[in-house]
1. Step by step: first the residues of the range 150-177, then only those that are closer than 20 Å to Ile119 by Cβ and surrounded by fewer than 13 Cβ atoms within 10 Å (Cβ to Cβ), then the one that is modelled with the lowest pLDDT. Which residue is that?
2. May I ask you to list the residues in the range 167-176 that are in a strand (DSSP E or B) and of a type in the set (S, T, N, Q)?
3. Among the residues of the range 10-19, is any of a type in the set (D, E, K, R) and either assigned by TED's automatic domain parsing to the domain that holds Ala233 or farther than 26 Å from Lys203 by Cβ (or both)?
4. Mind checking whether some residue in the range 222-230 is surrounded by fewer than 21 Cβ atoms within 10 Å (Cβ to Cβ) and farther than 28 Å from Glu68 by Cβ?
5. Take Tyr215 and decide whether it is surrounded by 15 or more Cβ atoms within 10 Å (Cβ to Cβ), closer than 21 Å to Leu89 by Cβ and in contact with a His (Cβ under 9 Å, 6 or more places away or on another chain).
6. Suppose the filter is without any contact (Cβ under 8 Å) to a residue 60 or more places away in the chain, in the same structural domain as Glu148 (by TED's automatic domain parsing), under 16 Å from Gly117 (Cβ atoms) and not charged (D, E, K, R); does Thr60 pass it?
7. Looking at (1) at pLDDT 95 or above; (2) farther than 13 Å from Lys203 by Cα, which one does Ala228 not meet, given that it meets all the others?
8. Among (1) of a type in the set (Val, Ile, Thr); (2) in a loop (DSSP other than H, G, I, E, B); (3) assigned by TED's automatic domain parsing to the domain that holds Cys205, where does Thr179 come up short?
Amino acid sequence: MNEKELNIAIHAAILAGEEILKIYEDSSQDFSIEKKSDDSPLTIADKRSHDVILNALEQTKLPVLSEEGAEIPFSERQNWARFWLVDPLDGTKEFIRRNGEFTVNIALVENGQALGGVIYVPVTGTLYFGWPKHGARKIRNITSANLEGLIDRGVSLPFEGHKSKYTVVASRSHMNPETKEYIDRIRHQFEDVEVISAGSSLKICLVAEGKADIYPRFGPTMEWDTAAGHAIAKHAGKNIFLADEKTELSYNKENLMNPWFVVR
């Protein structure tokens, strides 16, 4: 993994985010269409982001597995030792609700492990990345016009200091009984527990930052939802484990759906 690949991934994520914003900020778009149809703003934004990312990553000569191109058979991708894993628009419900909590996720996977990751939040211009030799960082107010020297800017993660409360982050849109039961068990372990909500891969970023102690996800997610955040969390000294809280989440499985997991 080299710095050129990191620069390419960052540039791809930011350009994709700017394409998404063109749709998101277009008052003529009908955001009442919640399901993906050919002319829904969600589908248009997804596809434009996907195309921009593919075009940018092409120069790396590595294969790409994206939510928008997930039909690649396992018989082909099982031979990929190294590839990009992409979610061109993570946070479907947040995008439709126009609450700004959606992201562009780009991860570099090697031998089933998330080694590097970039997450961009288009509405706020916030960038997270985790990469070998650079660690995990958060940078604010980024656009395609101010990329020079970007890698050396920002704040190293985690940066949150001592918290008086044990903080759990949960999905804004996908809370279920199993997650509630897990949080109830945490409440019995710690005297003061705070539960906060967030959308998309931002939940993993909150743990990487140190703003949250743990993120349990006992519901369906796909590999492209977590890989970039997983890499950022790892470079911040955290990790994503299966529900046994011992086995690390892996990638490029035959079934691309993730098992239940815990980020801590």
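1. Filtering the range 150-177 down to residues closer than 20 Å to Ile119 by Cβ leaves 150-160, 167, 169-174.
Applying the additional criterion that residues be surrounded by fewer than 13 Cβ atoms within 10 Å (Cβ to Cβ) yields 152, 155-156.
Values: Asp152: 81, Val155: 94, Ser156: 95.
Taking the candidates together, the pick is Asp152.
2. Narrowing the range 167-176 to residues in a strand (DSSP E or B): 167-171.
The answer is Thr167, Ser171.
3. Residues of the range 10-19 of a type in the set (D, E, K, R): 18-19.
Subset that is either assigned by TED's automatic domain parsing to the domain that holds Ala233 or farther than 26 Å from Lys203 by Cβ (or both): none.
No, because not a single residue in the range 10-19 is of a type in the set (D, E, K, R) and either assigned by TED's automatic domain parsing to the domain that holds Ala233 or farther than 26 Å from Lys203 by Cβ (or both).
4. Step one: of the range 222-230, the residues surrounded by fewer than 21 Cβ atoms within 10 Å (Cβ to Cβ) are 222.
Pick out the ones that are also farther than 28 Å from Glu68 by Cβ and you get none.
Within the range 222-230, not a single residue is surrounded by fewer than 21 Cβ atoms within 10 Å (Cβ to Cβ) and farther than 28 Å from Glu68 by Cβ.
5. Numbers: surrounded by 15 or more Cβ atoms within 10 Å (Cβ to Cβ): yes; closer than 21 Å to Leu89 by Cβ: yes; in contact with a His (Cβ under 9 Å, 6 or more places away or on another chain): no.
Taking the combined requirement at face value, the residue does not satisfy it.
6. Working: without any contact (Cβ under 8 Å) to a residue 60 or more places away in the chain: yes; in the same structural domain as Glu148 (by TED's automatic domain parsing): yes; under 16 Å from Gly117 (Cβ atoms): yes; not charged (D, E, K, R): yes.
Answer is yes for this residue.
7. (2)
8. (2)
The values are calculated or read from the model by the stated rules, or taken from the named source; none is laboratory data. Just so it is clear, the structure is predicted and the values come from calculations on it, not from any experiment. Virtual Cβ from ideal backbone geometry, glycine too; neighbours counted across all protein chains shown.
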